[in-house]
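Each value in this text was obtained by applying a stated rule to the coordinates, not by laboratory testing. Note that the coordinates shown come from a computational prediction; the quantities given were computed from them, not determined experimentally. Heads up, the Cβs are rebuilt from the backbone with ideal geometry, glycines too, and the neighbour counts pull from every protein chain shown.
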Ligand SMILES: [Fe+2]
Ligand SMILES: [Fe+2]
């Protein structure tokens with residue numbers, strides 16, 4: 001049965017530790033079972049936090065690439081590769097989820113081919129991101145290609161994970177008897193321990209927390225949307241006010257005049 005550690009100690013330092021180096025601090029006390037589908041979906045949560053880091057970095061890449069903290073973007077790409085591509089995709093989805101969906105047939109089976117192609121394209125883009133950020137700075141020549149790679153990657157994986165959460169995983173669960181679902185939860189735990197030497201999810205949470213702290217994205221409140229325009233006060237004459245709001249504005253301006 002899956003056990004997890006809610007400890008958030010060492011969040012700030014997590015950003016400077018490698019993924020494997022975080023495993024030592026991840027214990028499995030206070031056991032509460034995590035089912036196979038919850039496991040897959042919370043892994044998507046880790047990947048979506050990396051997507052947020054990428055999306056929030058795009059404006060800075062376009063306006064002041066020299067100030068971008070590329071080392072932390074490199075760590076984010078390493079996390080996506082280690083946890084997302086090499087574990088979640090290769091060891092779980094491609095080994096256990098997709099084959100069962102194809103065997104069961106139906107509408108979900110038609111998504112498997114594009115999902116596999118997106119896994120492959122994601123790996124190619126991650127390789128590019130790792131290369132463009134490896135030196136600790138983003139060169140002027142790489143800034144716009146990296147911004148475009150982030151945008152394309154985020155768009156692809158937002159759609160990808162949403163389809164998996166709402167179509168693929170429910171179809172997979174429906175295709176298996178309840179007893180087998182429980183067995184798969186244990187199987188996924190074994191795979192995770194073999195891959196990471198402990199609870200990879202806990203380590204991934206700590207790592208993404210550390211990267212968010214380093215890049216200034218840790219405060220969730222900064223992402224609360226500004227209020228909408230009042231009826232009748234939309235900026236029809238002056239253009240689109242929403243376009244002026246930066247993605248990561250610390251204090252979002254109100255649209256209300
Ligand atoms: Fe996938
Ligand atoms: Fe997935």
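Structure above, values below:
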item	result
Förster radius 30 Å - calculated FRET efficiency between residue 113 and residue 38 (Cβ-Cβ, nearest 0.05)	0.70
Paramagnetic label zone (point 7 Å from Cα along Cα-to-C-beta, residue 191; backbone N under 20 Å) in region 100-121	100-105, 108-121
Estimated FRET transfer efficiency (residue 176, residue 230; beta-carbon r; R0 35 Å; 0.05)	0.10
Added length on full extension, which subtracts the Cα-Cα distance from 0.36 nm per residue, residue 218 to residue 135	27.5 nm
Distance between region 134-178 and region 89-118 - C-alpha centres, whole angstrom	16 Å
